[in-house]
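Heads up, the thing below is written out as structure tokens.
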Amino acid sequence: MRDASLSRALLYAVAFLLAFLYLIPLAVVLLNSLRTAEEIVQTSMIGWPRVWAFQNYTAAWADFCIAQTCSGIRPYMLNSALVTLPATLLSTLLGAVAGYAISLWRFKGDTWIFALVTLGVFLPEQMRLIPWTIVLRDVGLTNTLAGLVMIHTVQGLSFTTLFCRNYYIAIPADLMKAAKIDGAGFFRIFYRIVLPLSPPILIVTVIWQFTGIWNEFLYGVTFTTGTQQPVTAALIALSASVADVPQHGVQSAAVVIAALPTLLVYLFGGRYFVRGLTAGAVK
Amino acid sequence: MSALVIRDLHKRFGATDVLKGINLDIDNGDFTVLVGPSGCGKSTLLNIIAGLETATAGDIEIDGRVVNAIPPKDRDIAMVFQTYALYPSMTVRQNITFGMECRNVPKPQQATALERVAKLLQIEPLLARKPAQLSGGQRQRVAMGRALVRDPKLFLFDEPLSNLDAKLRVEMRMEIKQLHARIGASIVYVTHDQIEAMTMATRIAVMHQGEIQQFADPDTIYNRPANLFVARFMGAPPMNTIPARLEAHAGRPVVVVGDTHLPAPPSIAPEWLGKPVILGIRPECIAEPTRQFGDGTAPSLTITAPVEMTEPTGAETIVVLRLGGTKILARVAPDIRLVPGAPATFAVDARKLCLFDPQTERLIA
């Protein structure tokens, strides 16, 4: 009995220690976002705020200077939203249709197409930089948000198709047969029968795509400059632009603001995400 | 007029022949049951009739029209599935009217058709529910409602009762049979359950290894099976099949099994004399010695054989006995007590004997 409670205590101790270590960076950023730059420079990167510097947030949001533009990260947040929202919706919707076609309308070569599409999941980002550069140049979307939307939509298709296909494959074949005999075609079956069964997997893909695209950095920094950059790229410019005193407080506040959307998505959608991943057959 | 004609239908999946030249002619109003063990091709055949799969060769004609190239929705058919296949996100009402919705049937007409079917199947109180809120039997009813509402030329049933528990299965079996009697629809019904086939069908097609073994009314299938497969597949317990010889005794052909002599069916051709045959006899044609078969005019005939085991079922007792080295089954009245190991006398219904060719396994008399 005593052994059991002892090992249990040990277990909790290890768990708390690991959780603590894992959360340190978040804690440091959160605390620094509420400290003044002078305080951080004079004392240490790690410390409890002496005065609560809430003005860091207003500065980071609206009037901090990034690369000669003094409007904070607000326009870049808007850029990120303008890229993330359409790309998330488009890639999810197209992935759902593609997954539906591959899983429920079997045709010759469908497994090959599926294999090719999912190959995209395993290709490293860096490998795709040059091809995308050429594509963006040829379609005239270099340094535009629309270009990023296109990239994220196309690349997201690999994941969304994979997710939706694996979900739809569990839809009974008899359901499709019944619908075909009833006289429904490809799209009517999709929006009247398949789509109403889809919320669990659509929530998963939306969360996955949203966080992935919002946090994406490489394409943002490579294909856009200046006022066209998403917030992840702008954050780097922000830390690079500081010449005199390092503005750790404002930078930390900017990081927190930039992370907020995905954090909120996780807080509100996380349980659906877990539920959707484990949701199995459609009965 | 034929509701359905199938001519020389073949289906090949790669190197496997699933259907090897199926020919069927089904009359209007017939309740045809395709029965056979799993893997015999009966579901594939049904799917081809529905247009959900394409045949490798051959013709399908529904109501006088060749439908080979016509998609399922335009074949004027309706189908009921083993898994019911109700649309999970729709209410019962929407499930039933979905087909009409796809065909742009005007709303008032949809409502009339829905009302008629709901009344017929007594599912009016369920119309607003989702499939998940229904019991197995109710789902089955809704699935039939979805088929009935369209008033098609041909109904296809794919093992519709297999997912129900035993009691409900018997109830729904009777209900489907009554429904058929009332609306007189042409039905093709697939099942692996030979009792379902016997109880419901007006015609039975017994399938095995991609071929139709016999296509006839239930009485013929049961009493005059075309070959040993049909004899052994239909009936529970199945027909006894016993290696025997045909000999002439006092100028009459006699089936000899060990020491037992039985009069051969009069239709047996004389060239079988002196040759080995397979004797087929249903367990219920071997009973306690006081049993009178038919209306009492059947010739009385008894055999004596050692009893190996008895299995009382309540309604009757199945007796395992040994005849000429072969274990066979008999069905005697439940109050007859037989001692395992001791010989006993049984009455045999000599009118119902079948003889098969041991080589081709076909019925010869």
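Every read-out reported here was derived from the displayed coordinates using simple, explicitly stated rules and does not represent laboratory data. Predicted model only: the values in this text are computed from it and were never measured. Neighbour counts run over all protein chains shown; Cβ positions are idealised from the backbone, glycine included.
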**Message:** Charges on Cβ only, +1 for Lys and Arg, -1 for Asp and Glu, centred on the Cα centroid of the protein assembly as shown; of A:Phe20, A:Phe217, B:Val35, which one is farthest towards the dipole's positive end?
**Reply:** A:Phe20
**Fill in**
Measuring from its Cα centre, segment B:2-233 shows a charge dipole (+1 at each Lys and Arg Cβ, -1 at each Asp and Glu Cβ) which, in debye to the nearest 20, is 700
**Asked** Residue by residue, what Karplus-based ³J(HN,Hα) values in Hz, rounded to whole numbers, does segment B:250-256 have, using 6.51, -1.76 and 1.60 with θ = phi - 60° and x for Gly and Pro?
**Response** 6, x, 10, x, 10, 8, 10
**Request:** For segment A:94-102, just list the computed ³J(HN,Hα) in residue order, Karplus coefficients 6.51, -1.76 and 1.60, θ = phi - 60°, integers in Hz, with x standing in for Gly and Pro.
**Result:** 5, x, 5, 5, 5, x, 5, 5, 6
**Prompt:** Efficiency by 1/(1 + (r/R0)^6): what FRET value for B:Val339 and B:Ser162, r their Cβ-Cβ distance, R0 = 35 Å, to the nearest 0.05?
**Reply:** 0.30
**Asked** Expressed as a rounded percentage, what relative contact order does segment B:209-365 have, with Cα pairs under 8 Å and six or more residues apart?
**Response** 26
**Fill in**
Mean other chain Cβ within 10 Å across A:186-199 is 2
**Item:** Across chain A: Cys residues that no other cysteine approaches within a C-beta distance under 4.7 Å
**Value:** A:Cys164
**Hydrodynamic radius of segment B:91-246 per Kirkwood, over alpha carbon pairs, in Å** = 17.6
**Asked** Straight-line reach from A:Lys108: which aspartates and glutamates have Cα under 19 Å away, leaving out those fewer than 8 places along the same chain?
**Response** B:Glu53
**Message:** Charges at C-beta only: +1 for Lys and Arg, -1 for Asp and Glu. How large is the resulting dipole of segment B:237-365 about its Cα centre, in Debye rounded to 20?
**Reply:** 160
**Request:** Write down Rg/Rh for the protein assembly as shown, rounded to two decimals, with Rg from the C-alpha atoms and Rh from the Kirkwood relation over Cα pairs.
**Result:** 1.19
**Item:** Where a label projected 7 Å from the Cα of B:Asn28 along Cα→Cβ would reach, residues of segment B:187-228 with amide N under 20 Å
**Value:** B:187-189, B:202-203
**Asked** Out of segment A:140-221, which chymotrypsin sites (Phe, Trp or Tyr not before Pro) are coil in DSSP terms and have no more than 14 other C-beta atoms within 10 Å?
**Response** A:Phe217
**Prompt:** For B:Lys20, which lysines qualify as cross-link partners when the Cα separation must be under 18 Å and same-chain residues fewer than eight apart are set aside?
**Reply:** B:Lys11, B:Lys42
**Asked** In segment A:58-154, what chymotrypsin sites (Phe, Trp or Tyr not before Pro) fall in a loop by DSSP, with at most 15 other Cβ atoms inside 10 Å?
**Response** A:Trp105, A:Phe107
**Prompt:** Can you give the calculated 222 nm mean residue ellipticity of chain B, where each DSSP H run of n ≥ 4 adds -39,500 (n - 2.57) and the sum is split over every residue, rounded to the nearest 500 deg cm²/dmol?
**Reply:** -7000 deg cm²/dmol
**Request:** Determine Rg/Rh for segment A:2-62; Rg is computed over alpha-carbon atoms and Rh is the Kirkwood hydrodynamic estimate from the same atoms.
**Result:** 1.27
**Item:** Extended-chain gain in nm, criterion 0.36 nm per residue less alpha-carbon gap, A:Asp138 and A:Arg74
**Value:** 20.0 nm
**Fill in**
One checks the Cα atoms of segment B:107-178 and finds Rg and Dmax, in Å, of 12.6, 39
**Asked** segment B:285-342: which trypsin sites (Lys or Arg not before Pro) are DSSP loop and have at most 14 other beta-carbon atoms within 10 angstrom?
**Response** B:Arg337
**Complete:** For chain A, longest principal axis from Cα atoms; helix A:110-122 axis from its Cα atoms; angle between them, nearest 10 degrees, is 10
**Asked** Where does the Debye-calculated log10 I(q)/I(0) of chain B sit at q = 0.08, 0.12, 0.13 Å⁻¹, using only Cα point scatterers of equal weight, no solvent?
**Response** -0.51, -0.95, -1.04
**Message:** With viscosity set to 1.002 mPa s at 20 °C, what whole-number translational diffusion coefficient in µm²/s follows for segment B:268-336 from Stokes-Einstein and a Kirkwood radius over Cα pairs?
**Reply:** 156
**Prompt:** So what does log10 I(q)/I(0) come out to for segment A:192-254 at q = 0.19 Å⁻¹, using the Debye formula with one equal point on every Cα and no solvent?
**Reply:** -0.79
**Request:** Please report, in whole Å, how far the alpha carbons of chain A spread along each principal axis, starting with the longest.
**Result:** 76, 71, 31
**Message:** Give me the inter-chain shielding for B:75-81: mean count of other chain Cβ atoms within 10 Å, whole number please.
**Reply:** 3
**Message:** Give the average over all directions of the projected area of the C-alpha convex hull of segment A:14-105, one decimal, in nm².
**Reply:** 10.8
**Item:** Tilt relative to chain A, helix A:145-168 - C-alpha long axis, 0 to 90 degrees, to 10
**Value:** 50
**Message:** So if I place +1 on the C-beta of Lys and Arg and -1 on the C-beta of Asp and Glu, and nothing else carries charge, what would the dipole magnitude of the protein assembly as shown be about its Cα centre? I want it in debye, nearest 20.
**Reply:** 700
**Asked** How high is the relative contact order of chain A, given as a whole-number percent (alpha carbon pairs under 8 Å, six or more residues apart)?
**Response** 31
**Complete:** The alpha-carbon center of segment B:51-126 and that of segment B:289-365 are separated, in whole Å, by 48
**Complete:** Per principal axis, largest first, the Cα atoms of segment A:136-283 extend in Å by 73, 40, 18
**Message:** Contact order normalised by length for segment B:2-233, with contacts defined as Cα pairs under 8 Å and 6 or more residues apart; what percent is it?
**Reply:** 29
**Message:** If I fit a long axis through the Cα atoms of helix A:248-278 and take the longest principal axis of the Cα atoms of chain A, what angle between them do I get, 0 to 90°, rounded to 10?
**Reply:** 30
